[in-house]
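Colleague: Before anything else, here's the structure in question.
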Amino acid sequence: MSDKPAITITRLDMQRLEKLLDSLEDFTPAAEALEQELARANVVSHQEIPAGIVTMNSRVHCREEASGKDYTLTVVYPQDAGKEGTVSILAPIGSALLGLAVGQQIDWNTPGGKVIKLTLLNVEYQPEAAGDFTL
């Protein structure tokens, strides 16, 4: 497995995600993956997070390197997932995107077992940059 890039998250996202993990009845591999991401994250205040970092409820533009296919995704809490273009933080790609900076790459394990490389091209919307701290 390749080295994971450094990630940064907000203290508020950390608190909310730890609460989410604590509330789960079944601790799935996806929950374990999120817990591992949180454990390695650099945590900053919501005023200090750079605009090009993926936070909760961020809308991002990324590209699959092998195919060149572009994706626009919004990383959301599980209860907000299911709408077109949303991805739950408990989905492998959701937890993999959290905390990434523009230009960083991740290896994403698809449900079918294939590993694809995604590059974060842009954070189109980040709540903190827009002053939306209640999302």
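Laboratory data are not the source of any read-out in this text; all were calculated from the coordinates shown. Not measured: the values here are computed from a predicted model. So basically every Cβ, Gly included, is an ideal-geometry build from the backbone, and we count neighbours across all protein chains shown.
Colleague: For the stretch 105-135, enumerate the residues that are loosely packed, with under 13 Cβ neighbours inside 10 Å and more than 17 Å from VAL54 (Cβ to Cβ).
Modeller: Listed by number, the residues that qualify are THR110, PRO111, GLY112, GLY113, LYS114, VAL115, GLY131, THR134.
Colleague: Right, next: Please pick out the residue among GLY94, GLY68 that is exposed (fewer than 14 other Cβ atoms within 10 Å of the Cβ), closer than 17 Å to THR110 by Cα and of a type in the set (Gly, Ala, Ser).
Modeller: One residue alone meets the criteria, GLY68.
Colleague: If you don't mind, there's one more thing I want to ask. Name every residue in the stretch 19-52 that is under 23 Å from VAL123 (Cβ atoms), in a helix (DSSP H, G or I) and touching a residue at least 12 places away in the same chain (Cβ under 8 Å), in order of residue number.
Modeller: If the condition is that a residue be under 23 Å from VAL123 (Cβ atoms), in a helix (DSSP H, G or I) and touching a residue at least 12 places away in the same chain (Cβ under 8 Å), then LEU20, ALA30, ALA33, LEU34, GLU37, LEU38, ARG40 are the ones that fit.
Rundown of residues vs (1) among the small types (Gly, Ala, Ser); (2) over 10 Å from the mean Cα position of the chain (by Cα), yes/no style:
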{"residue": "SER45", "(1), (2)": "yes, yes"}
{"residue": "GLU64", "(1), (2)": "no, yes"}
{"residue": "SER95", "(1), (2)": "yes, no"}
{"residue": "VAL102", "(1), (2)": "no, yes"}
{"residue": "LYS114", "(1), (2)": "no, yes"}
{"residue": "LEU120", "(1), (2)": "no, yes"}
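Colleague: Show the residue pairs that are 6+ apart or on different chains and have beta-carbon atoms under 8 Å apart, the first residue being within the stretch 95-108 and closer than 15 Å to GLN126 by Cβ and free of Cβ contacts under 8 Å to residues at least 12 places away in the same chain, the second being acidic (Asp, Glu) and surrounded by 23 or more Cβ atoms within 10 Å (Cβ to Cβ).
Modeller: Once the first residue is closer than 15 Å to GLN126 by Cβ and free of Cβ contacts under 8 Å to residues at least 12 places away in the same chain and sits in the stretch 95-108, no partner that is acidic (Asp, Glu) and surrounded by 23 or more Cβ atoms within 10 Å (Cβ to Cβ) comes close enough.
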